[in-house]
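What follows is a short report on a single structure.
The values are calculated or read from the model by the stated rules, or taken from the named source; none is laboratory data. None of these values were measured; they are calculated from a predicted model. For neighbour counting, all protein chains shown are included, and Cβ atoms are generated from backbone atoms with ideal geometry for every residue, glycine included. To get the accessible areas, we keep the full protein, side chains included, count just its heavy atoms, and leave off ligands, DNA and RNA. Shrake-Rupley method; radii C 1.70, N 1.55, O 1.52, S 1.80 Å.
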Amino acid sequence: MFESIDESSIFYAVLAFAWITFFWESYLSLRQRRKAQSSKVVPEDLKHVMEQETFDKARSYHLDKSTYGLCLSVYSQLEATLILLLGGYPFLWSMAASTNVWLGLSDGEILQSLTFLLLGTLYSTVMGLPWSLYSTFVLEEKHGFNKQTLGFFVKDTLKHFAVMLVLALPITATLIYIIQAGGDFFFIYAWLFVFTVSLVMVTIYADYIAPLFDKFTPLPDGELRTQIEELASSIKFPLKKLFVVEGSKRSSHSNAYFYGFFNNKRIVLFDTLLEDYSPDNKTAEDATDEKAAESKDSQDGEAEEKQDQATDIENDKNVSVEDAVNETSNANEAGKEEQEKKKKKKKGCTNDEVLAVLCHELGHWYLNHVLKQLILSQVNLFLCFLVFGLLMKEQVLYSAFGFHSQPTFIGLIIIFQFIFAPYNEVLSFVVTYITRQFEFQADAFARGMNHSSLLKSALIKLNEDNLSFPVTDWLYSAWHFSHPPLLDRLRALEDGKGADVKKQQ
């Protein structure tokens, strides 16, 4: 298949496409950055619900993330290029063999592949650590989202590294064995294995893996739980368990999702999503009560002082005490207004808004979006394994990256990561477009369930709480956003786009 193509042409074609992709992504990022820099006032559609101060904070956060993202992308592209030019992959493969010899381990391609994976993961973790530290303790900290201590961060990083290896090493070893022993139809067995693993991972993740990193507790009995159960029952969603995850120990960002197969569904709500659970609200209320008490004491003291002064002045200059009393009354009213304003700044959503958000999420289930995405991903995976089977014996592909043999694991990396790169970019755009349409449909489902106004207010609140910048460049959004921009979703809900989705099912 590649008899007429030399290895240098393949190598530089891969490198050239990587740089073309980098420049394209950078161009899109700069478009979005210029859009944010030029957008300095709240859009007309949001002026009645978003304050200029919140908009300015979101804009600042967005620009800081943009700067960070551009710097990281430049670094990553230069690093990847140097790894290819300097023969990083064959060097690491040779190091894996030397490491196994030094450790006295038996010789074998599968064992060498696992050592290669271990060393590669260790390298990427160490090299990415400064960027993770900056993102967490500088960028997120600056804008009030980070809740981690350094000790928590280190512990969390080590946990992620350990869990990843515990899962990845046996899965990789089994996959390599299937490819080597599967004969001409190995691609069918490899696809079935990966498909099975993905189903198992979805099943066990929230029950056994996620709790290693965050605390999950059942949602207590009460109004919200009752409302959620009634919503699930109304559309025959097989809800088995309701959890609240303590995501606030890690970040102030909020989320909600469901998982599980068949009649064993669970819903997970982040505590930062719930107005009654958010630690930020508890802190704010305590501070508000404390400040209100201090304000009251101060105002009472000022009132007494002013009354004394007024009495003295009345004796000398016949000035009425009523002026002082009026000032005190005005101060009390101002204090109450300020306190009410702070109460309105609560983070998270009310119970009714949470219900609207869940109605959107359950709309994905009702409209079979999860099943459709699963089918699409598995068809793609099957075709990729089929093409891999046609290419894996082409020595020129291995030679292009400095290998004189044909290790199975290296073949997977070369073909899936580099040879499939153009296809992956196109597929990514298509999947992004489809997912964005699914989001509009789920919004329409919520509207059909009479949750339109509550979903709009919830989206606005979540946008503000997460400091998501509401103004986007159309091309950047089309290429990157799997979820439509806030303004597009609000307009669709207002216009009734797809409002009868539920009725048409």
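Which members of the stretch 137-150 meet the condition of being open to solvent by less than 50 Å² (accessible area, probe 1.4 Å) and of a type outside the set (A, V, I, L, M)? Walk me through it before giving the result.
In the first step, residues of the stretch 137-150 are kept if they are open to solvent by less than 50 Å² (accessible area, probe 1.4 Å); the result is 139-140, 143-146, 148.
The answer is E140, H143, G144, F145, N146, Q148.
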Collect the residues in the stretch 1-36 that are touching an Asp or Glu at 6+ places or on another chain (Cβ under 6 Å) and of a type in the set (D, E, K, R), keeping them in residue-number order. R31, K35
List every residue pair whose Cβ atoms sit under 6 Å apart, with the two residues 6 or more apart in sequence or on different chains, where the first one lies in the stretch 243-263 and is closer than 19 Å to I460 by Cα and touching a residue at least 60 places away in the same chain (Cβ under 8 Å) and the second, anywhere, is in a strand (DSSP E or B) and open to solvent by 20 Å² or more (accessible area, probe 1.4 Å). S254/F270
Number of positions in the stretch 475-505 that are part of a helix (DSSP H, G or I) and either at pLDDT 90 or above or of a type in the set (A, V, I, L, M) (or both): 15
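So, of the residues in the stretch 406-436 that are touching a residue at least 24 places away in the same chain (Cβ under 8 Å) and outside any helix (DSSP H, G or I), which turns out to be farthest from L175 (Cα to Cα)? Lay out the reasoning, then the answer.
Residues of the stretch 406-436 touching a residue at least 24 places away in the same chain (Cβ under 8 Å): 407-410, 412-413, 415-416, 418-422, 425, 427, 429, 431-436.
If we keep only those that are outside any helix (DSSP H, G or I) too, we end up with 407, 420.
On the way: P407: 13, F420: 19 Å.
Checking each candidate, the answer is F420.
Could you list, in sequence order, the residues of the stretch 428-448 that are open to solvent by less than 40 Å² (accessible area, probe 1.4 Å) and among the hydrophobic types (A, V, I, L, M, F, W, C)? So that I can check it myself, show each step before the final result.
Residues of the stretch 428-448 open to solvent by less than 40 Å² (accessible area, probe 1.4 Å): 432, 435-436, 438-440, 442-446, 448.
Of everything in the stretch 428-448, those that are open to solvent by less than 40 Å² (accessible area, probe 1.4 Å) and among the hydrophobic types (A, V, I, L, M, F, W, C) turn out to be F438, F440, A442, A444, F445, A446.
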Tell me the residue from S113, S94, S106 that is among the polar types (S, T, N, Q), open to solvent by 70 Å² or more (accessible area, probe 1.4 Å) and more than 22 Å from the chain's Cα centre (by Cα), please. S106
Residues being open to solvent by less than 50 Å² (accessible area, probe 1.4 Å) and within 19 Å of G144 (Cα to Cα): count how many of those fall in the stretch 16-58. 4
Return the residues of the stretch 65-91 that are open to solvent by less than 40 Å² (accessible area, probe 1.4 Å) and closer than 22 Å to Q180 by Cβ; say none if nothing qualifies. P90
Restricting attention to helices (runs of 4 or more DSSP H) lying wholly within the stretch 1-112, give those where 3 or more residues are closer than 30 Å to D473 by Cα and not small (G, A, S). 7-38, 52-85
